[in-house]
Amino acid sequence: MRKNLIAGNWKMNTTLPEGLALAKGLNEALNGKTVKCDVVIGVPFIHLASVAAAIDTSRIAVAAQNCADKEKGAYTGEVSAAMVASTGAKYVILGHSERRAYYHETAEVLKEKVILALANRLTPIFCIGETLDDRDAGKQFDVVDEQVKASLFGLSAEDFSHLVIAYEPVWAIGTGKTATAEQAQEIHAHIRSTIASKYGQAIAENCSILYGGSMNAGNAKELVAKPDVDGGLIGGASLSVENFLPIIEAF
């Protein structure tokens with residue numbers, strides 16, 4: 001059976017002391033609780049090793065928010081998948097809409113990042129999703145299909161089985177807009193059918209697909225109740241224990 005998962009994406013927020021305090025606070029809040037989903041926090045690169053050492057990583061896994069598309073070498077400022085793995089991180093967020101839009105990451109670049117992440121035993125949380133213009137034009141299914149196929153369909157079935165997909169409607173990130181639970185279910189089911197067309201029903205059914213569009217304490221329970229919504233990739237609400245914990249508890 002596929003995993004339920006709630007992943008926080010801190011983005012470019014928190015100094016190291018602030019990040020450590022937030023991670024420790026979440027760790028303490030979950031202590032003694034029975035949690036019905038896996039919990040991941042995606043922290044800035046400079047936090048990775050410190051946060052991984054400061055929390056119970058059997059309770060909260062640590063993710064990087066990106067990694068390089070090169071194995072190693074003269075790439076000043078880049079952080080490799082091997083470096084990420086060496087910190088104790090277990091996940092890496094790849095293909096986020098902000099990386100695609102602001103840093104022009106292409107399908108080919110993301111393909112290389114996924115391959116290197118998997119080679120270093122990291123679980124990629126691979127982000128896909130359409131803009132408002134795409135949705136208004138009725139192209140949302142075509143867009144997510146192309147993003148999945150272009151970067152992921154070269155993987156073996158075994159490698160693909162180690163991925164998590166995060167569907168993020170770009171028009172619902174940081175705007176206060178949220179896809180309805182029915183809209184989320186519709187496109188999650190479509191993504192699962194696209195995966196099945198390549199890798200078969202068993203792998204598609206075992207693939208966790210997260211919703212990444214302004215999930216919060218008020219709508220999380222309705223969203224995760226849908227059969228093809230396996231959790232969430234949470235932005236702003238993951239920056240406080242008070243806001244993040246109710247989303248985890250939605251399961």
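Values in this text are rule-based calculations from the coordinates and carry no lab data. Predicted model, so just to flag it, every value in this text is computed and none were measured. Cβ atoms come from the backbone with ideal geometry, glycine included; neighbour counts cover every protein chain shown.
Here is a list: A107, A85, A81. Which entry is in contact with a strand residue (DSSP E or B) (Cβ under 8 Å, 6 or more places away or on another chain) and either polar (S, T, N, Q) or under 20 Å from D159 (Cα atoms) (or both)?
On the way: A107 fails: in contact with a strand residue (DSSP E or B) (Cβ under 8 Å, 6 or more places away or on another chain); A85 fails: in contact with a strand residue (DSSP E or B) (Cβ under 8 Å, 6 or more places away or on another chain).
Matching residue, one of A107, A85, A81: A81.
So, in region 198-215, of the ones that are more than 12 Å from I6 (Cβ to Cβ) and not in a helix (DSSP H, G or I), which residue ends up farthest from the chain's Cα centre (by Cα)?
So the residue we want is G200.
Specify which of the listed residues (I6, I46, I41) is of a type in the set (V, I, T) and either in a helix (DSSP H, G or I) or exposed (fewer than 14 other Cβ atoms within 10 Å of the Cβ) (or both).
Details: I6 fails: either in a helix (DSSP H, G or I) or exposed (fewer than 14 other Cβ atoms within 10 Å of the Cβ) (or both); I41 fails: either in a helix (DSSP H, G or I) or exposed (fewer than 14 other Cβ atoms within 10 Å of the Cβ) (or both).
Exactly one of I6, I46, I41 is of a type in the set (V, I, T) and either in a helix (DSSP H, G or I) or exposed (fewer than 14 other Cβ atoms within 10 Å of the Cβ) (or both), namely I46.
Residues that are surrounded by fewer than 16 Cβ atoms within 10 Å (Cβ to Cβ), under 30 Å from S86 (Cβ atoms) and not hydrophobic (A, V, I, L, M, F, W, C): does region 137-156 have at least one?
The answer is yes; a qualifying residue exists.
Can you name the number of the only condition in (1) over 29 Å from L26 (Cβ atoms); (2) crowded, with 19+ Cβ neighbours inside 10 Å; (3) not polar (S, T, N, Q) that E108 fails?
(2)
For region 167-214, what are the residues that are touching a residue at least 24 places away in the same chain (Cβ under 8 Å), of a type in the set (S, T, Y) and within 20 Å of F153 (Cβ to Cβ)?
Y167, T194, Y199, S208
Could you run through region 95-151 and say how many residues are of a type in the set (A, V, I, L, M, F, W, C), touching a His at 6+ places or on another chain (Cβ under 7 Å) and not in a helix (DSSP H, G or I)?
Within region 95-151, residues that are of a type in the set (A, V, I, L, M, F, W, C), touching a His at 6+ places or on another chain (Cβ under 7 Å) and not in a helix (DSSP H, G or I) number 1.
Within region 167-197, can you find the residues that are assigned to a loop (DSSP other than H, G, I, E, B), of a type in the set (D, E, K, R) and surrounded by fewer than 23 Cβ atoms within 10 Å (Cβ to Cβ)? Quick ask: steps written out before the conclusion?
Residues of region 167-197 assigned to a loop (DSSP other than H, G, I, E, B): 168-169, 173-180.
Next cut, of a type in the set (D, E, K, R) only: 168, 177.
Correct list: K177 only.
Every residue in region 216-249 that is assigned to a loop (DSSP other than H, G, I, E, B) and either β-branched (V, I, T) or buried (at least 22 other Cβ atoms within 10 Å of the Cβ) (or both), please.
V229, D230, G235
Looking at region 61-94 only, could you name the residues that are of a type outside the set (F, W, Y), in a loop (DSSP other than H, G, I, E, B) and without any contact (Cβ under 8 Å) to a residue 24 or more places away in the chain?
Listed by number, the residues that qualify are K72, G73, A74, T76, G77, E78.
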